[in-house]
Every structure is written in C-alpha cells, then in structure tokens.
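Computed from the coordinates by the stated procedures, all read-outs in this text should not be read as laboratory data. No experiment lies behind these values; they were computed from the predicted model shown. Using ideal geometry, Cβ is built from the backbone for each residue, glycine included, and neighbour counts are taken over all protein chains shown.
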Amino acid sequence: MLNNLPILYSFRRCPYAMRARMALYSAGIQIEIIEVALKEKPEDLLALSSKGTVPVLRLEDGRVLDESLTIMNWALGQNDPDHWLPEASSDASAKVCHELIVENDCSFKQALDRYKYPQRYPNEDCSNARGNSRENGLVFLNKLNTRLATQPYMLGETLGYADIAIFPFIRQFANVDFGWFESKRLTSLQAWLNNLVNGTLFKAIMEKNRNLLLND
C-alpha cells in the first residue's frame, strides 16, 4: 500500500464503482485502487464494510465511505473543477438530478439486473424473450432520450453529476444486446452514451492494472 493515500476497493466493470472512480478522477484526488475479485472478497474489505460490495473508500483519517454516491459527494466536495454538483441556488436542478438518480438506482436497476442476469431470478419471468425486464428498462431510456433531445446533457449544456451517476448503468443495459439498443429510436440517448464511452474520462478510469488514479 502507498503512503497516506485513500484506498478505493473497486471492481473495474461495476457501474457503482465506475461512477465513484469518475468523480475521484475529476476531482484530481490521488488514490490507491485495490481491484476486488467479487468471488474472493479480501478480508480487509469485509472488515471495512460488512456489505462486502464495491466501491468502498477508506480515507486517510480512517473514515470509510461505502456508498458510491457518498464517495462522489465527498470527492466533489473536495474539488469540483468541472462544476458537476448541481448549484445550491438551483433547487429545481437539484430536484431533477435527485429524481433521475433515484429512478436509475431503483426501478431501472431492478430491470437491468433481470435483463442482464435472468438466471438469478428463477421464480420470475424476466428472460429477454419472454419477460418484461427489457421493456421496463426501456421506459427509463425513453424518458432520458426525451430529455436529451433538447439538450446535450441531463441537466443542460454541460456534463454534470446526473450524467456521471447514470451513465455506467445505461452503458451496461445497452451492452446486454447492443444490436437491440441500436435498433431503438433513441438517437439522442445513443449519441450521449457514445460521447461518454469514447471520452477521455471514461477511458482513463477503465485502464487496466492502474494502481493510482491521477488526474494527469
């Protein structure tokens, strides 16, 4: 372990860990990353958080943050150079941001899990062919597409907190059957997703075997 740096327990493809890493990177916070094999969770991780899920961030002072949004809020509270956090003076913007993330993390994530991993729900009819999990997820995709039809990002003209918090889950949903996703009339959402997937930020936080996350 490296001297006096926050330690992030992460899993490269986990959407929760992705959004935490993106916020940490944007904030320019140097951390040590420990990549976790989810089938063999390290004892150190379980000692810090009994949930045993990633991401978990241990700060220099010993505090433990074990929710991805909490990590995002902490990182951007230290430094928010790109102004991702909704402006405190804009109650309407903050309300929309909160509502979108709640819908993403609750009903859409439920549909995503059943669409991507139907075998985990043997008592539910959630298979791609027969179930309604994909169509349930499409409701949220259509909602986002409508928002993006009149603006490039979720809350307006610039990339922000809502985009980063939601993006990894949309990416995961699209990748289950990318041909199906491309066939839908989601032109604005597809352009938004393509822009983020091919952006320097996402490429930076997805580098393999990277021990430190640096804003360099």
Can you list which of the trypsin sites (Lys or Arg not before Pro) found in region 47-97 are DSSP loop residues with at most 12 other C-beta atoms within 10 Å?
51, 63
Using alpha-carbon positions, the gyration tensor of region 91-200 gives root eigenvalues a ≥ b ≥ c; with a/c under 1.5 called rounded, otherwise prolate if a/b exceeds b/c, else oblate, the class is prolate
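Do any of 143/203; 39/208; 109/208; 51/116; 143/184; 143/208 go past 24 Å between their Cα atoms, and which?
143/203; 109/208; 143/208
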Give the long-range amide H neighbours of residue 31: residues separated by 5 or more places, or on another chain, with amide H under 5 Å away, using H modelled in the peptide plane at 1.01 Å from N.
213
Which trypsin sites (Lys or Arg not before Pro) in region 160-191 pass both tests, a DSSP loop state and at most 12 other beta-carbon atoms within 10 Å?
185
How high is the relative contact order of the chain, in percent, counting Cα pairs under 8 Å that sit 6 or more residues apart?
26 percent
Classify region 1-128 as rounded, prolate or oblate, taking a ≥ b ≥ c as the square roots of the eigenvalues of its Cα gyration tensor: rounded when a/c is under 1.5, otherwise prolate if a/b is larger than b/c and oblate if not.
oblate
Along region 146-159, what does the Karplus equation 6.51 cos²θ - 1.76 cosθ + 1.60 (θ = phi - 60°) give for ³J(HN,Hα), rounded to whole Hz, x for Gly and Pro?
5, 4, 6, 5, 10, 7, x, 10, 4, 10, x, 8, 10, 4
Phi-based couplings in Hz for region 192-205 (Karplus 6.51, -1.76, 1.60; Gly and Pro marked x)
4, 5, 4, 4, 6, 4, 9, x, 5, 4, 5, 4, 5, 7
Each residue of region 45-60 in order: what ³J(HN,Hα) in whole Hz does its phi give by Karplus 6.51 cos²θ - 1.76 cosθ + 1.60, θ = phi - 60°, with x for Gly and Pro?
5, 5, 5, 7, 9, 5, 5, x, 10, 9, x, 10, 10, 9, 7, 4
Selection from 75, 108, 31 lying farthest towards where the dipole of the chain points positive, charges on Cβ:
108
Sum -39500 (n - 2.57) across every DSSP H segment of at least 4 residues in the chain, then divide by the residue count to get the 222 nm mean residue ellipticity, nearest 500.
-14500 deg cm²/dmol
